[in-house]
Amino acid sequence: MSLQVHLATGHTTIARAWALARRDGRVLGFTDHDRDLSFDGLTFEAGAGLTARALEQMTGLAVDNSEAVGALRDAGLTEADILAGRYDGAGLRIWEVNWADVSQQRLIFRGSLGEVTREGGAFRAELRGLSEPLGQPGGRVYHASCAAVLGDGRCRFDLSTPGYSAEVPLVATQDNQRLQLAPIETISAGWLAHGRVIVQSGAAEGLVGMIRTDRMREGLREITLWESLRAALAPGDLLRLEAGCDKQAETCRMKFDNMPNFQGFPHIPGEDWLLAYPKADQPNTGGRWRG
């Protein structure tokens, strides 16, 4: 018997089940039933304190709207993981399922978590449907700096190239933002600025921080992040450091020897040229005039 036939009987045993897939690969299952359910290769834990408001699904490209509400529990969604941003953008699937016969089920929502907020001992998460990315602005912007991300499919630079990345233990930290490391002989001084750090172990494992400055101080390599990591770091945690790019043509050519893949337009006229006007005593060739 299908779920639709079961619903048509008027005497139903229906529950909802959620599957959250975090970007680090961990998948969690929850249900509002009073017992665990298992199907689709997952176990959906009962009593997780997770509920969802009525789904508002529309035709066309309108964004599906709903909200998930839940209690912060050690066995399920923890406050530490939410504050660390581990659920930001997590994939989400919601089913209606006959808890008496879990083979009778239907997928009623597929999308991702949007903004996650905390209120006292509970959290609220916006649910975003699959059509939500279609509303994002797109298209190429023409400017002098590179539009690619270092190491992505357009840049094509291999960050595993010797001299551009390293894995080192943390020596000390201040507010999870200023990180002190032993000297790194394989990466030139200052090359980590505009790069990133990926935590490989410890409570902050999997988190990524963008590097603002890179310098030597009192015999240690010190890097400062633009924002502090949202989970605690401890001495000995393993960090992967990757060199940074300021997206300028000269940096691409001299630092990475990757000019054929540069995705900017370094010779595009700037605003000063667009606003210039002819003068009888100056050349008007588009080049820089030297008096």
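The values are calculated or read from the model by the stated rules, or taken from the named source; none is laboratory data. Predicted, not measured: the structure shown is a model, and the values here were computed from it. Don't worry about glycine lacking a Cβ; one is built from the backbone with ideal geometry, like all the others, and counts go over all protein chains shown.
Determine, yes or no, whether Asn284 is modelled with pLDDT of 95 or more and either more than 30 Å from Ala80 (Cα to Cα) or more than 25 Å from the chain's Cα centre (by Cα) (or both).
Values: modelled with pLDDT of 95 or more: no; either more than 30 Å from Ala80 (Cα to Cα) or more than 25 Å from the chain's Cα centre (by Cα) (or both): yes.
No: the conditions fail for Asn284.
Among the residues of region 80-138, the one identified as more than 22 Å from Glu45 (Cβ to Cβ) and of a type in the set (Val, Ile, Thr) is Thr117. Annotation for region 200-221: at least one member residue is in contact with a Phe, Trp or Tyr (Cβ under 6 Å, 6 or more places away or on another chain), aliphatic (A, V, I, L, M) and surrounded by fewer than 17 Cβ atoms within 10 Å (Cβ to Cβ).
Looking across region 110-129, just one residue is under 13 Å from Gly89 (Cβ atoms) and surrounded by fewer than 14 Cβ atoms within 10 Å (Cβ to Cβ), and that is Glu115. Would region 174-188 turn up any residue that is under 19 Å from the mean Cα position of the chain (by Cα), part of a loop (DSSP other than H, G, I, E, B), surrounded by 14 or more Cβ atoms within 10 Å (Cβ to Cβ) and not basic (Lys, Arg)? Yes, region 174-188 contains a residue that is under 19 Å from the mean Cα position of the chain (by Cα), part of a loop (DSSP other than H, G, I, E, B), surrounded by 14 or more Cβ atoms within 10 Å (Cβ to Cβ) and not basic (Lys, Arg). Looking across region 115-146, not a single residue is aromatic (Phe, Trp, Tyr) and free of Cβ contacts under 8 Å to residues at least 12 places away in the same chain.
Of all residues in region 117-170, those that are farther than 30 Å from Leu220 by Cβ and not in a loop (DSSP other than H, G, I, E, B) total 15.
Listed here are the residues, each with its yes/no results for (1) closer than 30 Å to Gln200 by Cβ; (2) more than 22 Å from the chain's Cα centre (by Cα); (3) outside the structural domain of Ile14 (by TED's automatic domain parsing).
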{"site": "Gly91", "(1), (2), (3)": "yes, no, no"}
{"site": "Ala100", "(1), (2), (3)": "no, yes, no"}
{"site": "Gln105", "(1), (2), (3)": "no, yes, no"}
{"site": "Arg110", "(1), (2), (3)": "no, no, no"}
{"site": "Glu119", "(1), (2), (3)": "no, yes, no"}
{"site": "Glu126", "(1), (2), (3)": "no, no, no"}
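Residues are listed down the side, and each one gets a yes or a no for (1) assigned by TED's automatic domain parsing to the domain that holds Gln180; (2) within 23 Å of the chain's Cα centre (by Cα); (3) not in a loop (DSSP other than H, G, I, E, B):
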site: Met216; (1), (2), (3): yes, no, yes
site: Ser228; (1), (2), (3): yes, yes, no
site: Ala232; (1), (2), (3): yes, yes, no
site: Gly236; (1), (2), (3): yes, no, no
site: Lys247; (1), (2), (3): no, yes, no
site: Thr251; (1), (2), (3): no, no, yes
site: Phe256; (1), (2), (3): no, no, no
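I want to confirm something. Restricting to region 135-163 and keeping residues that are basic (Lys, Arg) and either touching a Ser or Thr at 6+ places or on another chain (Cβ under 7 Å) or modelled with pLDDT of 85 or more (or both), which single residue is surrounded by the fewest Cβ atoms within 10 Å (Cβ to Cβ)? Among residues in region 135-163 that are basic (Lys, Arg) and either touching a Ser or Thr at 6+ places or on another chain (Cβ under 7 Å) or modelled with pLDDT of 85 or more (or both), the one surrounded by the fewest Cβ atoms within 10 Å (Cβ to Cβ) is Arg156.
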